[in-house]
């Protein structure tokens, strides 16, 4: 009987929510009590953040609450992580603000709905594993770029500036802020400074306390009692509704959907990256393991549902998820209760939200942006290598001064080229010299000796051994080396014993080289090719008798009608002469 541990999981097993898994394990009253406490803790943290993220995105605070309630509930109920907390996130602020500025909330709703469909399809197609191929310098770069933009976007509320229309792009935004700096209000700036001080002080001396909520509450109390002349949620937005809106789909227009497709794909990509990174963080803290495809599918459903209820994009949130784990959560019930507590807060305490000064929410986001910027990782990547520094700087600067999509796209492309270059550097010829190594002086290390022509002891047989993956990045270098061989021998043997793969580009280049050898009357053998390498060569047209296949170099010599090697040792072969004379 086949061991169950080695069978492929079924579709149902892969997409069974972690909530079902936890309930199957046995869910007791003590677990419910622990989840209720952690859910309440996370809700207290999420309450000011949800409103702040929505306001910073150019929306009303109610949109953020709807998103945290509906999206947070579904992410926990349907997701593939035990501890994931879903809701609005700072990573979306720049993108959402740009969409709202161009298309209004109706356009954002359409783009978010489309992004939900993309995320659901990505999960069902099991594409979750591919998100891990986003290079780390790209993640650090666009996160730091978003942090800079978020902080810049809060300067207006932190200082109480009179700016009628604030541009979305960073450079025009800073110009508008500098032009209006004379309208700064001391009361607003003092209130923002108080909020930042309270948050940082409580984080230092009372880290278990909900510092952000306490800071917002103190500022709201000070505003109401002292009648401070500062802008509040009530003065700008008229307060927060006490009920969820009736569900309604946005009006879907084909031309609008076509125009919003790039934005929808960006929302989906950013949501997938953020949510799976958050799930990985939770795994590291808890020792558990999430199911990435189930998580993506749940994120897709949550985004579509949040749109129906007037929300904004949903993703997994690292800070709130980490708070959930640290608060002793046992499973997804905690995330579900966090959404329920937020709904209760909105139903009961919505009138009090009118007194919250926007400066205090700006202070919350200023602290969030400082925490978002992974400063240690940023500096470490700049010091690690020139390639990583280039990817990081390109992503960071393009995110700030161009566009988030362009920044990620260029960063991923540069990261891919960097990886391919590093992979090409691992390709070696028979002598062990790296084909794409750094230049060295002839007497480097004092090891240069006179060339011994007797090393190439068999002029009739040439063995060319290539170690490493031969793909399009290295095929040009390998082909150039082959073209420099000079006089053709009677037998040419490719030793692929240490070649893990050959792509179609490299296989075609080798086929063209073999064709030239065959026209010169040379017998060509392929030794030690793995099954996947052999399939690639056959697909490129290297069939027998054009190329004779053997398991070892010795077998290849016998198939070519050559005697075995002399007992005095294996010659280095002409490949050494190629390298030495280069």
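Helix 170-179 axis versus longest C-alpha principal axis of the chain: approximately 40°, rounded to the nearest ten.
Estimated purely from DSSP H runs of n ≥ 4, each contributing -39500 (n - 2.57), the mean residue ellipticity at 222 nm for the chain is -19500 deg cm²/dmol once divided by its residues. Fewest-first ordering of 504, 81 by other beta carbons within 10 Å of each residue's beta carbon gives 504, 81.
Each label point was placed 7 Å from the Cα along the Cα-to-Cβ direction; for residue 488 and residue 530 their separation is 3.1 nm. So how tilted is helix 211-226 from the main axis of the chain? Cα-based, degrees 0 to 90, rounded to 10. For helix 211-226, the angle is close to 30 degrees. Centre-to-centre separation between the Cα atoms of the range 131-155 and those of the range 294-341: 21 Å. Rounded to the nearest 10 degrees, the angle from helix 375-384 to the longest Cα principal axis of the chain is 20 degrees. Volume of the convex hull of the range 175-295 (Cα atoms only), normalised per residue: 253 Å³. All Cα-Cα distances of the chain, cut into 20 Å bins from zero to the largest, leave 18, 40, 24, 16, 3, 0 percent in each bin in turn.
Given a cut-off of under 8 Å on Cα pairs at least six residues apart, what relative contact order in percent is computed for the chain?
On the way: 1034 pairs, mean separation 121.1, N = 582.
Relative contact order for the chain comes out at 21 percent.
Our Cα-only numbers for the range 314-406 put the radius of gyration and Dmax at 18.9, 55 Å.
Here the peptides 160-168, 31-39 are ranked by packing, the mean other Cβ count within 10 Å, and the order with the highest first is 31-39, 160-168.
How many percent of DSSP beta bridges within the chain run antiparallel, rounded to 5? Spell out each step's value before the answer.
Working: 5 of 19 bridges.
Roughly 25 percent of the beta bridges in the chain run antiparallel, per DSSP.
The protection proxy used here, the mean number of other Cβ atoms lying within 10 Å of each residue, ranks peptides 97-108, 218-229 as follows, highest first: 97-108, 218-229.
The numbers here are math on the coordinates, done by the rules we state, and not lab data. Values in this document were obtained by computation on a predicted structure and should not be read as measured data. Cβ sites come from the backbone with ideal geometry, for glycine too, and all protein chains shown count toward neighbours.
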